[in-house]
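Student: Structure incoming, see below.
The values are calculated or read from the model by the stated rules, or taken from the named source; none is laboratory data. Keep in mind that this is a model prediction, so the values were computed, not measured. Cβ: placed from backbone, ideal geometry, glycine included. Neighbour counts: every protein chain shown.
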Amino acid sequence: MNVTVKGISEQVVSKVPAVTLGFWIIKVAATTLGETGGDWVTMSLNLGYLIGTMIFFVAFIVLVFAQVRARAFTPFLYWATIIATTTLGTTLADFSDRSLGLGYPGGVALIVVLLAASLFSWHRVEGTVAIESVTTARAEWFYWVTILFSQTLGTALGDAVADPDRGGLGLGFAAGTAIFGAGLVVVGLLWLWPRVSRTALFWAAFVLTRPLGATLGDLLDKPVAQGGLAISRFYASLILLAFIIVCILVIPQRAARRASAD
């Protein structure tokens with residue numbers, strides 16, 4: 001009887017989803033929405049980067065508290081929190097690059113340090129940064145802070161590659177999309193090599209999908225003269241939101257599981 005009870009208890013359910021192809025499809029759409037939605041608030045509504053950051057920061061805190069208090073994995077709550085990190089990441093990156101005058105190289109460097117510090121602290125305290133270990137409130141806070149910094153870094157990287165201003169490479173949005181898409185292909189190929197850490201590949205893919213979404217978002221809403229399709233940020237955001245909702249309803253999702261260390 002004791003063996004049976006132990007066998008059942010060894011499987012710990014996380015409140016974050018298992019990583020599947022459907023997860024990455026929704027994630028890319030959410031990051032693209034973060035770009036168009038963040039730009040709509042800060043640029044189209046003329047609220048500015050500081051006010052936009054404050055608005056999305058409040059949404060981020062509220063949703064993370066709700067996520068931590070939830071008893072089980074809830075797809076709509078989880079992806080709403082992800083969207084909050086993508087929009088906040090967009091405004092944070094723009095605020096550091098533009099309002100603080102750091103430029104893209106300075107902004108990228110700052111966010112790399114913050115992301116590294118978050119991962120280091122998480123690993124130091126919890127002993128792992130694997131998503132399957134996100135089964136406690138403390139681990140969830142580490143997870144969401146790390147997610148936020150990874151989203152912010154992705155935004156800064158996407159802008160640094162595509163934009164010619166503020167120290168950027170100026171390769172354009174289509175080229176940026178191709179570059180980050182190629183990076184994801186490399187990560188996917190490395191996944192087939194058993195010796196490569198799955199946790200390291202997950203975070204690499206998570207960071208890379210953000211600039212892919214950022215450049216896709218810019219491709220949708222930037223003027224034609226700047227290499228975009230000149231779609232309204234508001235309507236682009238609504239289309240992306242509808243797509244995400246359909247994906248959540250259609251694509252099967254389940255909570256990540258891990259065997260306990262015992």
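Student: Only one of these is touching a strand residue (DSSP E or B) at 6+ places or on another chain (Cβ under 7 Å) and in contact (Cβ under 8 Å) with a residue 24 or more places away in the chain: I147, I131, I111. Name it.
Tutor: Working: I147 fails: touching a strand residue (DSSP E or B) at 6+ places or on another chain (Cβ under 7 Å); I111 fails: touching a strand residue (DSSP E or B) at 6+ places or on another chain (Cβ under 7 Å).
Sole residue among the options that is touching a strand residue (DSSP E or B) at 6+ places or on another chain (Cβ under 7 Å) and in contact (Cβ under 8 Å) with a residue 24 or more places away in the chain: I131.
Student: State whether one or more residues within the range 199-216 are buried (at least 17 other Cβ atoms within 10 Å of the Cβ), more than 19 Å from the chain's Cα centre (by Cα), closer than 18 Å to W40 by Cα and among the charged types (D, E, K, R).
Tutor: The answer is no, given that none of the residues of the range 199-216 is buried (at least 17 other Cβ atoms within 10 Å of the Cβ), more than 19 Å from the chain's Cα centre (by Cα), closer than 18 Å to W40 by Cα and among the charged types (D, E, K, R).
Student: Can I ask one more? So is I8 β-branched (V, I, T), farther than 22 Å from I147 by Cα and either modelled with pLDDT under 90 or surrounded by 16 or more Cβ atoms within 10 Å (Cβ to Cβ) (or both) or not? Break it down into steps so the answer makes sense when it comes.
Tutor: Numbers: β-branched (V, I, T): yes; farther than 22 Å from I147 by Cα: yes; either modelled with pLDDT under 90 or surrounded by 16 or more Cβ atoms within 10 Å (Cβ to Cβ) (or both): yes.
Yes; evaluated as a whole, the condition is true for this residue.
Student: Any idea which of (1) in contact with a strand residue (DSSP E or B) (Cβ under 8 Å, 6 or more places away or on another chain); (2) within 24 Å of L208 (Cβ to Cβ) is the one A70 doesn't satisfy?
Tutor: (2)
Student: Look through V64, V125, V68, V129 and report the one residue that is of a type in the set (V, I, T) and touching a His at 6+ places or on another chain (Cβ under 7 Å).
Tutor: Values: V64 fails: touching a His at 6+ places or on another chain (Cβ under 7 Å); V125 fails: touching a His at 6+ places or on another chain (Cβ under 7 Å); V68 fails: touching a His at 6+ places or on another chain (Cβ under 7 Å).
Answer to the selection: V129.
Student: Another question, if that's okay. Tally up the residues in the range 227-244 that are assigned to a helix (DSSP H, G or I) and touching a residue at least 24 places away in the same chain (Cβ under 8 Å), please.
Tutor: Initially, the range 227-244 is screened for residues assigned to a helix (DSSP H, G or I), giving 233-244.
Narrowing the set further to residues that are touching a residue at least 24 places away in the same chain (Cβ under 8 Å) leaves 233-234, 236-237, 240-241, 243-244.
Number of matching residues: 8.
Student: If you take the residues of the range 29-49 that are under 26 Å from F243 (Cβ atoms), hydroxyl-bearing (S, T, Y) and crowded, with 17+ Cβ neighbours inside 10 Å, which of them is nearest to the chain's Cα centre (by Cα)?
Tutor: Of the range 29-49, the ones under 26 Å from F243 (Cβ atoms) are 29-45, 47.
Filter once more, keeping what is hydroxyl-bearing (S, T, Y): 31-32, 36, 42, 44.
Adding the requirement that they be crowded, with 17+ Cβ neighbours inside 10 Å leaves 31-32, 36, 42.
Values: T31: 6, T32: 10, T36: 14, T42: 19 Å.
If we take residues in the range 29-49 being under 26 Å from F243 (Cβ atoms), hydroxyl-bearing (S, T, Y) and crowded, with 17+ Cβ neighbours inside 10 Å, then T31 is nearest to the chain's Cα centre (by Cα).
Student: So, A116, is that one aliphatic (A, V, I, L, M) and in contact with a Gly (Cβ under 7 Å, 6 or more places away or on another chain) or not?
Tutor: Numbers: aliphatic (A, V, I, L, M): yes; in contact with a Gly (Cβ under 7 Å, 6 or more places away or on another chain): no.
Spelling it out, it is not the case that A116 is aliphatic (A, V, I, L, M) and in contact with a Gly (Cβ under 7 Å, 6 or more places away or on another chain).
Student: I've got another one for you. Being surrounded by fewer than 24 Cβ atoms within 10 Å (Cβ to Cβ), modelled with pLDDT of 90 or more and not hydroxyl-bearing (S, T, Y) narrows it down to one residue among G22, G52, G106; which is it?
Tutor: Values: G52 fails: surrounded by fewer than 24 Cβ atoms within 10 Å (Cβ to Cβ); G106 fails: modelled with pLDDT of 90 or more.
Step by step, each of G22, G52, G106 is checked, and only G22 is surrounded by fewer than 24 Cβ atoms within 10 Å (Cβ to Cβ), modelled with pLDDT of 90 or more and not hydroxyl-bearing (S, T, Y).
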